[in-house]
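Beneath this line is the structure, given in structure tokens, with notes to follow.
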Amino acid sequence: MSASRVVIAGGGMVGVSLALALERQAPSLDVTLVESFPLEPPEAGFEDSYTPSFDARSTALSYGSSLLYSGWGLWDGIAAQVRLIDTIHVSEQGCFGSTLMRAADYQWPALGYVVENAWLGNSLLRALLDGSVRTVSPARVERAESRDDGASLVLEGGDRLEADLLVVADGANSSLRTSLGIGHREHRYAQQAIIANIGHRLDHEGRAFERFTPRGPLAMLPLPREPGASRARSALVWTLPQADAEALLDSSDGDFLARLQKEFGYRLGRLEQLGKRHSYPLALVEAEEQVRSGVVVMGNAAHALHPVAGQGFNLALRDVARLASCLAQAVERGTSPGDLEVLLGYRDAQATDQAQTTAFSDRLPDLFMQEDLAVSALRDLGLFALDLAPGLKREFVRRTAGVAASTEYRDVRP
Ligand SMILES: Cc1cc2nc3c(=O)[nH]c(=O)nc-3n(C[C@H](O)[C@H](O)[C@H](O)COP(=O)(O)OP(=O)(O)OC[C@H]3O[C@@H](n4cnc5c(N)ncnc54)[C@H](O)[C@@H]3O)c2cc1C
């Protein structure tokens with residue numbers, strides 16, 4: 001009997017992670033990955049080698065995500081260039097309350113890890129190209145057609161690929177979702193995220209900062225020090241209304257740093273160096289259907305979230321782990337990976353995690369942007385309460401850092 005065929009359309013962070021997870025957990029599947037950009041390991045700082053996923057951003061990986069990658073034998077490669085998050089400092093501009101969360105308080109080795117997307121891409125793509133997954137790139141998928149027993153993909157140029165299971169992982173603006181007639185809900189936040197690497201006078205000592213300002217949240221994530229560099233670096237993710245963001249993108253480096261210093265304060269000393277700025281429009285996007293016979297929608301194509309709490313990829317990786325487990329079990333039973341019951345089992349198992357994580361990421365920035373005095377007092381109290389009530393704080397950490405200890409996570413570990 002020939003092996004069941006899985007075709008993954010989209011070789012971003014999610015598509016590549018799924019290909020590697022399947023290679024390890026269900027090695028008898030015949031897996032092909034199609035990506036419109038050349039699948040070459042990118043290098044940090046070399047914009048020519050970036051793809052839409054493995055670009056100039058950095059990602060806060062939860063401790064849970066590090067354990068998933070460990071289970072697939074991939075963590076050592078990624079960990080060669082990550083910075084451990086030891087402490088998360090949450091504060092609100094103009095308010096007295098602030099809270100500190102330390103890994104040691106939860107007996108975890110880290111609250112999470114910050115990795116540059118280019119490095120994540122570098123280590124995942126090296127593992128992919130060394131392995132048995134077939135890659136087709138650069139190749140753009142033009143359209144998809146689903147059938148009762150699988151799906152077909154038509155590539156630009158006319159080549160066709162047949163699959164028992166098609167994984168749609170082509171990002172938030174998924175053209176394959178549209179081509180399959182799968183609708184989506186979209187809520188635009190009227191905000192943009194500016195990202196840039198910032199060099200600062202004081203060492204971050206593994207501290208991540210989440211600062212809520214009336215115009216939007218601002219995060220500074222600790223980065224590993226570059227070889228031979230004298231300054232420590234953090235990755236800025238600054239969410240702002242469109243007009244503010246555009247003005248800041250056009251400002252001089254000096255003006256940008258001065259404004260950032262004013263909003264962020266001196267917790268990292270003087271902010272001295274600004275890397276290249278990039279901006280991302282923000283929207284909550286949710287597919288109206290995640291599975292049908294022979295098709296599963298994953299990653300940003302299924303749910304793209306506000307980046308405020310660093311949840312999007314961590315959630316998608318838990319989806320990846322769950323799908324890989326469901327497919328491995330199906331293969332053992334001799335069931336097709338595109339079987340609707342198998343895919344519904346995956347969808348139902350992830351539904352609560354997806355709903356809770358999406359709601360948390362959606363509501364958090366709003367809560368801190370309300371002008372209402374009563375809400376502001378509650379918020380202040382809320383930040384104090386986090387310091388007073390360990391249970392509440394643990395829940396906040398579990399959600400913001402997406403750290404282990406969640407039942408969802410324990411179930412999906414390979
Ligand atoms: C500013 C910012 C900061 C973030 N920070 C964090 C964080 O700290 N922690 C966290 O967990 N998440 C974070 N996220 C979310 C995270 O970036 C996403 O969850 C992740 O990028 C989703 O990856 P993906 O592979 O689903 O989609 P994408 O990254 O969009 O990748 C899709 C891939 O599909 C390819 N493709 C598209 N169309 C086709 C086609 N027709 N044919 C072939 N290939 C195609 C593209 O070239 C691309 O490689 C952040 C997001 C933003 C915007």
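Coordinate-derived values only; no laboratory data. Bear in mind the structure is a predicted one, so any value in this text is a computation, not a measurement. In this analysis, Cβ positions are derived from the backbone assuming ideal geometry, glycine residues included, and neighbour counts consider all displayed protein chains.
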How large is ³J(HN,Hα), in whole Hz, for each residue of the stretch 305-310 in order, when computed from phi with the Karplus curve 6.51 cos²θ - 1.76 cosθ + 1.60 and θ = phi - 60°, using x for Gly and Pro? 10, 4, x, 3, 10, x
0 to 90° range, to nearest 10: angle between helix 340-369 axis and the chain longest Cα axis: 20 degrees
As an exercise, find the ratio Rg/Rh for the stretch 161-319 from alpha-carbon atoms, using the Kirkwood inverse-distance average for Rh. 1.07
Cα convex hull of the stretch 288-330: how many Å³ per residue? 59 Å³
What's the FRET efficiency of Leu202 with Ser28 using the Cβ-Cβ distance as r and R₀ = 51 Å, to the nearest 0.05? 0.45
Output for the chain (equivalent-ellipsoid semi-axes, sqrt of 5λ from the C-alpha gyration tensor, Å, descending) is 36, 23, 21
What are the semi-axes of the equivalent ellipsoid for the stretch 136-241, taken as the square roots of 5 times the Cα gyration tensor eigenvalues, largest first, in whole Å? 42, 20, 11
In cubic angstrom, how much convex hull volume per residue do the alpha carbon atoms of the stretch 1-110 span? 157 Å³
Restricting to Cα atoms and excluding each atom paired with itself, what does the Kirkwood estimate give for the stretch 241-358 in Å? 17.5 Å
Burial ordering of Arg143, Arg160, fewest other beta-carbon atoms within 10 Å first: Arg160, Arg143
What are the semi-axes of the equivalent ellipsoid of the stretch 212-275, taken as the square roots of 5 times the eigenvalues of the Cα gyration tensor, listed largest first and rounded to whole Å? 22, 13, 11
Quick check: Cα centre of the stretch 236-266 to Cα centre of the stretch 342-356, how many Å? 39 Å
Provide, for q = 0.14 Å⁻¹, the log10 of I(q)/I(0) from a solvent-free Debye sum over equal Cα point scatterers in the stretch 114-166. -0.55
Cα pair distances in the stretch 1-62, grouped into 5 Å bins until the bin that holds the longest one, percent each: 4, 16, 22, 21, 16, 12, 6, 2, 1, 0
Only helices counted: for the chain, with every DSSP H run of 4 or more residues adding -39500 (n - 2.57) and the sum spread over all residues, [θ] at 222 nm is -11500 deg cm²/dmol
With axes computed from alpha carbons, what is the tilt in degrees of helix 373-388 against the longest principal axis of the chain, rounded to the nearest 10 within 0 to 90? 80 degrees
Determine the gain in length on full extension of the stretch Thr352-Arg225; use 0.36 nm per residue of separation and subtract their C-alpha separation, reporting nm with one decimal. 41.9 nm
What does the net charge come to around Gly338 if you take all other residues with beta carbon closer than 12 Å to its beta carbon, with K and R at +1 and D and E at -1? -3
Taking 0.36 nm per residue of separation between Asp130 and Ala3 and subtracting their Cα-Cα distance, the length gained on full extension comes to 43.6 nm
Which three lengths, in whole Å and largest first, does the stretch 58-203 cover when its Cα atoms are put on their principal axes? 59, 40, 30
Footprinting proxy, Phe212, Phe37, Phe54: sorted fewest to most Cβ within 10 Å, the residues are Phe37, Phe212, Phe54
